[in-house]
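The values are calculated or read from the model by the stated rules, or taken from the named source; none is laboratory data. None of the values given here were measured: they were computed from a predicted structure. Glycine gets a Cβ as well: all are built from the backbone with ideal geometry, and neighbour counts include every protein chain shown. For the accessible areas, the whole protein counts, side chains as well, though only heavy atoms, and no ligand, DNA or RNA atoms are used. Shrake-Rupley method; radii C 1.70, N 1.55, O 1.52, S 1.80 Å.
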Amino acid sequence: YDVAVFTRTATEVGGDYYDFHLHGDALSITIGDATGHGAKAGTMVTIIKTLFAGYGGAASTPAPAEFLADAAAKIKRMDLGRMAMALSLARFDAGKLTVASAGMPPVLVHRADRGEVHEIALQATPLGTFGSDYPQTSVALHSGDTVLFLSDGFPELMNDAAQQLGYTGTIDAFAEAAKAADANGVIAALETVARRWHGEAAPNDDVTFVVVRVA
């Protein structure tokens, strides 16, 4: 896998988060978005990072949906008030991508053979809220396919006319960016779209990308 990442925070302490585990041929990736910004969001990110530290790539590792359910139960027991965390967890293994989500934007998959972008959209509430059931799905991956994980800061970027880029704009931007030669090139293309749409000022929300190109 060719992996590249990008994050830009709206304030000094951001609420977006990404992390990885690589064990043998299995790659686990998580990406999340904590409620709000600043110290409270940073606290939630720290909690999730600690929980994910115990998640590995061995065959006995719980499925992504099981990890989310367990994390949700632990967070509720901490009684953190109105703090919450949207989170997706993905596992790349043996030519297959397995994804579970707790309130994150769809995962986008660009199919190299057809030049098409498919959405993996899973409906669930963020960790720390009332939900406890987290859907999971698997799709086959092939050489040259590109997977994009992102926080909602990119589709919600505002231009000078107070218009959001939107999810249709995000898919169009990714379809073009995925033509790049490698994962870093995809990131660079998406950064260019963000600057052209929003300008050079700090974004109105944290913006995070994780791009995985299948070798």
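Using heavy atoms of the protein chains and a probe of 1.4 Å, the accessible area assigned to residue 172 is about 100 Å². With springs only between Cα atoms under 10 Å apart, run a GNM on the chain and tell me which of 151, 143, 101 wobbles the most. Comparing 151, 143, 101 in the GNM, the peak value goes to 143.
Springs join every pair of Cα atoms under 10 Å in this Gaussian network model of the chain, and among 29, 187, 47 the largest mean-square fluctuation is at 47.
Computed packing ranks the peptides 66-72, 119-125 as 66-72, 119-125, most packed first, by mean other Cβ atoms within 10 Å.
Given a cut-off of under 8 Å on Cα pairs at least six residues apart, what relative contact order in percent is computed for the chain? Relative contact order, the chain: 27 percent. Helices in the chain, meaning DSSP H runs of at least 4 residues, each add -39500 (n - 2.57). Divided by all residues, the mean residue ellipticity at 222 nm is -9000 deg cm²/dmol. Residues in the stretch 76-84 carry Karplus couplings, in order, of 4, 5, 6, 6, 8, x, 8, 6, 8 Hz; the curve used is 6.51 cos²θ - 1.76 cosθ + 1.60 with θ = phi - 60°, and Gly or Pro positions show x.
Given a cut-off of under 8 Å on Cα pairs at least six residues apart, what relative contact order in percent is computed for the stretch 110-202?
25
Rounded to the nearest 0.05, what FRET efficiency is calculated for residue 49 and residue 113 with R0 set to 35 Å and r the Cβ-Cβ distance? Walk me through the intermediate numbers first.
Values: r = 36 Å, r/R0 = 1.04.
Calculated value: 0.45.
Label positions at residue 163 and residue 94, each projected 7 Å from the Cα along the C-beta direction, are separated by 4.7 nm.
Note on the chain: with neighbouring protein chains present and a 1.4 Å probe, carbon and sulfur make up 52 percent of its accessible heavy-atom surface.
The rule of thumb for compact globular proteins, 2.2 N^0.38 Å, goes into the C-alpha radius of gyration of the chain 0.98 times. Springs join every pair of Cα atoms under 10 Å in this Gaussian network model of the chain, and among 173, 53, 162 the largest mean-square fluctuation is at 162.
As a test of reading the structure, rank 23, 118, 198 by solvent-accessible area (1.4 Å probe, protein chains only), most first.
Solvent-accessible surface, decreasing: 23, 118, 198.
The simple Förster model, with R0 at 35 Å and r as the Cβ-Cβ distance, assigns residue 77 and residue 181 a FRET efficiency of 0.15.
Kirkwood radius and radius of gyration were both taken over the C-alpha atoms of the stretch 68-125, and their ratio Rg/Rh is 1.11.
Counting only heavy atoms of protein chains, what accessible area per residue, in Å², does the stretch 126-215 have with a probe of 1.4 Å?
45
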